[in-house]
Amino acid sequence: MGTVKNVSDEIEQLLQPYNFEGLQYMRPYLEKYWAASFPIALIYLLFIFVGHNYMKARKGFNLQGPLFLWSFCLAIFSILGALRTWSLMGILIRRYGLKHTVCYSNFINTSVVNFWSSLFVLSKIIEFGDTAFIILRKRPLIFVHWYHHSTVLVFTSFGFKSRLATGGWFMTMNYGVHSLMYTYYALKAAKVKPPMWFPRLITTLQILQMFMGINVTILTYIWKQEQGCQTTTEQIFWSSVVYMTYFILFSHFFYRTYIVPKVKAKAKSK
């Protein structure tokens, strides 16, 4: 493995950054004030409580137009993020191997990672808007939704501050899944009926994302024992806790949404 500077320079040459990706001023502030994610998450949870009480005696808003615009913008953002970060991870694997992508954080110094990881952290606050639409439209708000939104902000901010090497995979997978998820939301808001299998595919990919997150964390633990990973026990512990709970919750959601109705339908048909 080359030095941090050599690796960063080589990646910059292989994946030329656009001019706007050269903006680096966000990272120092996001690293310094990462703990602000805790009160922001608490305010989000308080908003849910207040919002539910406010809408109890009121009729839900339609908001089809704003919801389409919201979902469309987040879909475009996620698609662009996925294209850039997947390109980066592909280069890292081809040049340095899988171990480098989960153990060494020197690629974080590149312009592409600096830019898209900074936006990634900020997007976790912006995505709280998903919950606002659910509450204002009086749609069911399930536990996995608000638990995931609140905890992912804190975990992402922690990983960003810690320069977590595995964060490259966490970010890349999330961008990829969200590019499909928000496209689906935009189609629904535009009253375009997506294929029946599309929402099931999204949930399946979400479960796969959590499964991969667990495996990436396991790899860092194994390689750390060989003194080959720049990670800490704290990082491994919290990554394991977060991804294990997400895996369980999304698997349970898949079971309740897609398996149980089929079982009940078969039972009724007999």
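Remarks
- Summed over the stretch 94-108, residues that are surrounded by fewer than 18 Cβ atoms within 10 Å (Cβ to Cβ) and either under 13 Å from residue 12 (Cβ atoms) or touching a Cys at 6+ places or on another chain (Cβ under 6 Å) (or both) total 1.
- Pairing residues of the stretch 83-111 that are under 15 Å from residue 172 (Cβ atoms) with residues that are outside any helix (DSSP H, G or I) and of a type in the set (Gly, Ala, Ser), at Cβ distances under 7 Å and at least 6 apart in sequence or on separate chains, gives 102/165; 105/165.
- Inter-residue pairs, beta-carbon under 7 Å, first of a type in the set (S, T, N, Q) and in the stretch 15-44, second part of a helix (DSSP H, G or I), 6+ apart: 24/114; 37/153; 37/154; 37/157
- A single member of 133, 120 is under 25 Å from residue 188 (Cβ atoms), outside any loop (DSSP other than H, G, I, E, B), over 14 Å from the mean Cα position of the chain (by Cα) and modelled with pLDDT of 95 or more, and it is 133.
- Condition met for residue 208 (free of Cβ contacts under 8 Å to residues at least 24 places away in the same chain, surrounded by fewer than 21 Cβ atoms within 10 Å (Cβ to Cβ) and outside any loop (DSSP other than H, G, I, E, B)): yes
- Among the criteria (1) outside any helix (DSSP H, G or I); (2) touching a residue at least 24 places away in the same chain (Cβ under 8 Å), the one residue 192 does not fulfil is (2).
- Test: residue in the stretch 61-77 that is under 23 Å from the mean Cα position of the chain (by Cα), in a loop (DSSP other than H, G, I, E, B) and buried (at least 19 other Cβ atoms within 10 Å of the Cβ): no
- Restricting 184, 221 to those that are of a type outside the set (Lys, Arg), more than 17 Å from the chain's Cα centre (by Cα) and part of a helix (DSSP H, G or I) reduces the list to 221.
The values are calculated or read from the model by the stated rules, or taken from the named source; none is laboratory data. Just so it is clear, the model here is predicted, and its values are computed rather than measured. Here Cβ is always computed from backbone atoms with ideal geometry, including for glycine, and neighbour counts include all displayed protein chains.
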